[in-house]
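Everything below concerns the one structure shown next.
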Amino acid sequence: MIASEEKGFIYLVSSLGVPGVRDEITTDINEIVDEIRKYTNIPDAVGFGIKTIEQARKMTEKTDGVIVGSAIVSIIEKYGDNANKPAYDYCYGITSEINKL
């Protein structure tokens, strides 16, 4: 019912628990995406624990996008006022890898 009423995109949660980066994501995203696409064709993006470029690449093999909020917050926390370049490099690395797909 929710999927059929959605207007923007569907945010898929990659892991149960609290937000934050994860070393490993074990949720079967493919199964979840297959189920959602039975009811809607709007874009979907997976987030909640995505940390590495490899995780982002793997998640976007099946989904339309990836959300890396906590990883960027961690960069800002680490570098403070000097976070612009590291955050840019991180995001550029992820988008470059995803665009190869």
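The values are calculated or read from the model by the stated rules, or taken from the named source; none is laboratory data. For clarity, every value in this text was computed on a predicted model and none was experimentally measured. Glycine also receives a Cβ, built like all others from the backbone with ideal geometry; neighbour counts cover every protein chain displayed. Accessible surface areas use protein heavy atoms only, side chains included; no ligands, DNA or RNA. Shrake-Rupley method; radii C 1.70, N 1.55, O 1.52, S 1.80 Å.
Out of everything in the stretch 48-61 that is under 16 Å from ASP28 (Cα atoms) and in a loop (DSSP other than H, G, I, E, B), what residue ends up being most open to solvent (accessible area, probe 1.4 Å)?
GLU61
Go through (1) modelled with pLDDT of 85 or more; (2) part of a loop (DSSP other than H, G, I, E, B); (3) open to solvent by less than 40 Å² (accessible area, probe 1.4 Å) and name the single condition ALA45 misses.
Of (1) modelled with pLDDT of 85 or more; (2) part of a loop (DSSP other than H, G, I, E, B); (3) open to solvent by less than 40 Å² (accessible area, probe 1.4 Å), only one is false for ALA45: (2).
Out of all the residues in the stretch 68-79, is one or more touching a strand residue (DSSP E or B) at 6+ places or on another chain (Cβ under 6 Å) and buried (at least 17 other Cβ atoms within 10 Å of the Cβ)?
To start, the set of residues in the stretch 68-79 that are touching a strand residue (DSSP E or B) at 6+ places or on another chain (Cβ under 6 Å) comprises none.
No, because not a single residue in the stretch 68-79 is touching a strand residue (DSSP E or B) at 6+ places or on another chain (Cβ under 6 Å) and buried (at least 17 other Cβ atoms within 10 Å of the Cβ).
Return only the number of the condition from (1) farther than 30 Å from SER4 by Cβ; (2) in contact (Cβ under 8 Å) with a residue 24 or more places away in the chain; (3) open to solvent by 90 Å² or more (accessible area, probe 1.4 Å) that ASP64 does not satisfy.
(1)
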